[in-house]
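Have a look at the structure below before the remarks.
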Amino acid sequence: MSEDGYQFDTLKIRAGYNPKEHNHAVSVPIYQTAAFDFGSEKRAERLFSYREAGFLYSRIGNPTVDVLEKRVAALDGASGAIAFASGMAAITNTLFNVAEGGGRILTSPFLYGGTVDSFKKLYPKFGIAIDWSDNFSDPEKLEKEIRSDTKAIYVESISNPNTEVADIAALADVAHRHGIPLIVDNTFATPYLVNPIAFGADIVLYSATKNLSGHGNVIAGLVLESGKFNWRSGKFPQFTETYYTLRDAAGKERSFTDVFPEFPFTARLRAVYLNFFGAALSPFSAYLVLLGLETLSERVRKQVANTEKIIEFLKGNEHVSWVKYPPLNGERGKRLAARYLPKGAGSIFSFGLKGGAPRINPFLESLKLFNFHVNVGDAKSLIVNSPKTTHSELTPQEQGRAQLPPETIRVSIGLEDPDDLIADLKQALTTAFAS
Ligand code: PLP
């Protein structure tokens with residue numbers, strides 16, 4: 001459906017789904033089946049040779065999951081999309097697909113802790129080196145760190161947890177000058193707040209566990225591609241090498257760029273990575289994400305309004321030493337928030353509690369309304385001490401480099417009444433600092 005020039009709010013409810021193709025069901029049906037009947041031997045042959053698009057087996061494609069993929073592709077202006085069983089699966093499968101066979105990924109220390117830990121523990125064992133750069137705010141310097149075997153630049157559009165905003169257009173220019181893609185984890189922002197592809201990103205990732213689904217009831221991931229990146233340059237032979245399984249009607253072997261010129265990246269992710277590593281999203285989980293997506297804009301708008309109100313309260317509180325939220329992160333943060341996040345800077349931020357660690361436990365334990373756990377982007381407000389939880393995999397030195405001092409508290413604001421949330425924070429601060 002992006003299809004007919006519809007606006008975002010129409011697409012989030014209708015894109016990718018035609019009830020006429022599904023017994024006129026108004027709500028997207030959950031296709032709870034492992035496999036799909038071929039119907040005839042001839043059709044089986046066409047399906048297996050990619051001459052007919054259709055479903056074979058739910059590990060590599062399912063109609064409910066397909067609607068989700070098409071819907072998010074429409075929201076992001078992507079040429080192709082693929083769902084995974086989690087945000088981590090989306091990240092790992094993507095980076096292996098791009099750097100397969102060895103190479104380097106250039107990235108920033110400002111990332112989700114699980115991503116950092118996987119970069120440290122997993123990638124080097126598979127021949128993929130990770131280069132951490134402190135120069136993401138200075139693209140000219142960053143460019144000098146690209147090496148001949150660098151395969152991608154990887155960044156979060158709004159970083160977890162300290163809300164650094166990536167200068168997506170500048171990073172895309174740098175990447176493209178070297179023939180490599182810019183990969184953006186857009187989890188915190190969602191396509192409602194920023195569309196990275198419109199600013200030049202080549203691959204966009206989501207943990208759909210967060211704001212996309214929005215209710216803290218599903219683990220899911222998505223990968224989208226712009227369709228504009230040149231995978232034929234020779235730097236990424238995995239996209240141009242030919243496969244027997246991609247042969248044409250005459251038996252000539254073809255490559256992913258031959259058969260899927262508009263979305264070779266996600267086509268290969270599906271045929272190779274989803275197929276063999278098998279981290280497929282279940283139809284029920286896809287259904288939950290679709291349901292959540294229907295209210296994405298409305299939820300995020302209210303969450304942003306709540307967040308701004310709560311930040312105003314915290315900025316004025318005597319026990320709070322700093323607050324990090326894009327428009328508050330210095331001149332650069334303000335400029336990038338104005339450019340990339342004109343509808344609001346999201347519902348996640350961090351702040352420093354004066355007195356540090358000794359005050360943190362009494363504060364967290366005194367909260368009555370906020371949940372204390374590691375998700376974000378839920379309708380329920382959540383709070384966590386990131387250095388000891390979401391980012392506890394980082395050594396003290398790495399936490400320093402990621403600008404995560406021990407007094408950091410990360411907050412994800414939900415849809416409750418903001419005055420109730422403020423009252424809860426207020427009483428917990430008073431209790432924590434009573435003695
Ligand atoms: N990306 C970001 C920015 C995250 O915050 C997270 C999880 O917190 C992930 C990716 C991983 O997603 P998932 O938990 O769905 O695997």
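The values are calculated or read from the model by the stated rules, or taken from the named source; none is laboratory data. The structure presented is a predicted model; accordingly, all values stated were derived computationally and were not measured. No Cβ is skipped: glycine too gets one built from the backbone with ideal geometry, and neighbour counts run over all protein chains shown.
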**Q.** Set Ala345, Ala338, Ala279: member being outside the structural domain of Ala90 (by TED's automatic domain parsing) and surrounded by fewer than 23 Cβ atoms within 10 Å (Cβ to Cβ)
**A.** Ala338
Q: Within segment 341-382, work out how many residues are in contact (Cβ under 8 Å) with a residue 24 or more places away in the chain and closer than 23 Å to Leu293 by Cα.
A: 16
Q) Does segment 102-155 hold any residues that are away from the ligand (no atom under 16 Å from the Cβ), in a loop (DSSP other than H, G, I, E, B) and either touching a residue at least 40 places away in the same chain (Cβ under 8 Å) or within 24 Å of Gly234 (Cα to Cα) (or both), and which are they? A) Gly102, Gly127, Asp134, Ser137, Lys144, Glu145, Ile146, Arg147, Ser148, Asp149
Q) Can you tell me which of Ala338, Ala345 is in contact with a Pro (Cβ under 6 Å, 6 or more places away or on another chain) and either aromatic (Phe, Trp, Tyr) or modelled with pLDDT of 95 or more (or both)? A) Ala345
Q: Only residues that are in a helix (DSSP H, G or I) and within 15 Å of the ligand (Cβ to nearest atom): list them for segment 84-101, please.
A: Gly87, Met88, Ala89, Ala90, Ile91, Thr92, Asn93, Thr94, Leu95
Q: Being surrounded by fewer than 24 Cβ atoms within 10 Å (Cβ to Cβ) and outside any loop (DSSP other than H, G, I, E, B) is the filter here, so list the residues in segment 157-171 that pass it.
A: Ala169, Ala170
Q) Does Glu21 satisfy the criteria of being farther than 27 Å from Asp258 by Cβ and assigned to a helix (DSSP H, G or I)? A) yes
Q. Right, Leu224: closer than 15 Å to Leu68 by Cα, within 13 Å of the ligand (Cβ to nearest atom) and of a type in the set (A, V, I, L, M, F, W, C) or not?
A. no
**Q.** Qualifying helices (runs of 4 or more DSSP H) (wholly inside segment 335-435; at least 2 residues being within 24 Å of the chain's Cα centre (by Cα))
**A.** 396-401
Q: Could you figure out which of (1) crowded, with 17+ Cβ neighbours inside 10 Å; (2) within 26 Å of Val218 (Cβ to Cβ); (3) modelled with pLDDT of 95 or more isn't true of Leu425?
A: (2)
(Q) Conditions first: (1) more than 16 Å from the ligand (Cβ to nearest atom); (2) in contact with a helix residue (DSSP H, G or I) (Cβ under 7 Å, 6 or more places away or on another chain). Pro19 passes all but one, so which condition is the exception? (A) (2)
Q) Just one of the numbered conditions (1) within 19 Å of the chain's Cα centre (by Cα); (2) in a loop (DSSP other than H, G, I, E, B) is not true of Ile180; which one? A) (1)
Q) When you look at Ala271, is it among the aliphatic types (A, V, I, L, M), touching a Gly at 6+ places or on another chain (Cβ under 7 Å), at pLDDT 95 or above and within 20 Å of Gly61 (Cα to Cα), yes or no? A) no
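Go through segment 190-271 and tell me which helices (runs of 4 or more DSSP H), entirely inside it, have 3 or more residues that are in contact (Cβ under 8 Å) with a residue 60 or more places away in the chain and under 19 Å from Gly87 (Cβ atoms).
Filter on segment 190-271 gives 190-193.
Could you pull out the residue among Asp185, Asp149 that is of a type in the set (Asp, Glu), within 23 Å of Ser213 (Cβ to Cβ) and touching a strand residue (DSSP E or B) at 6+ places or on another chain (Cβ under 6 Å)?
So the residue among Asp185, Asp149 that is of a type in the set (Asp, Glu), within 23 Å of Ser213 (Cβ to Cβ) and touching a strand residue (DSSP E or B) at 6+ places or on another chain (Cβ under 6 Å) is Asp185.
Within segment 60-75, is there a residue that is more than 14 Å from the chain's Cα centre (by Cα) and within 16 Å of the ligand (Cβ to nearest atom)?
Within segment 60-75, one or more residues are more than 14 Å from the chain's Cα centre (by Cα) and within 16 Å of the ligand (Cβ to nearest atom).
State all residues of segment 1-18 that are part of a helix (DSSP H, G or I) and modelled with pLDDT of 95 or more; if no residue qualifies, say none.
The answer is Phe8, Asp9, Thr10, Leu11, Lys12, Ile13, Arg14.
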Q.
If I go through segment 180-209 residue by residue, how many of them are more than 14 Å from the ligand (Cβ to nearest atom) and in contact with a helix residue (DSSP H, G or I) (Cβ under 8 Å, 6 or more places away or on another chain)?
A. 10
